[in-house]
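The values are calculated or read from the model by the stated rules, or taken from the named source; none is laboratory data. What you are looking at is a predicted structure, and each value in this text was computed from that prediction instead of being measured. Cβ atoms come from the backbone with ideal geometry, glycine included; neighbour counts cover every protein chain shown.
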Amino acid sequence: MTKKITMAAKTDTELAKLIVDTRVELRTQRFSAAGSRAKESNAPRKLRVTIARALTEQRARELAVGEAA
């Protein structure tokens, strides 16, 4: 799981790429698990939390830029 400190160290493009990649992985897991038993049942939750952390960091940066202007 990606921690908040790690998210703050990433650039804007790295955050955007992380969000896209994690969403693709979540979608893949969601549909591949439809017919079979999942290897790790907690994996989708971990992916959603990672997406939420990245989106939160993106939003915090947007607000910081808005306040500075």
Taking region 7-34, which residues are over 12 Å from the mean Cα position of the chain (by Cα) and within 15 Å of Q58 (Cα to Cα)? A8, A9, K10, T11, D12, T13
Filter region 4-32 for residues that are loosely packed, with under 15 Cβ neighbours inside 10 Å and touching an Asp or Glu at 6+ places or on another chain (Cβ under 9 Å); the one that is modelled with the highest pLDDT is A8
Are any residues in region 48-69 at pLDDT 90 or above and over 20 Å from T13 (Cβ atoms), and if so, which ones? R48, V49
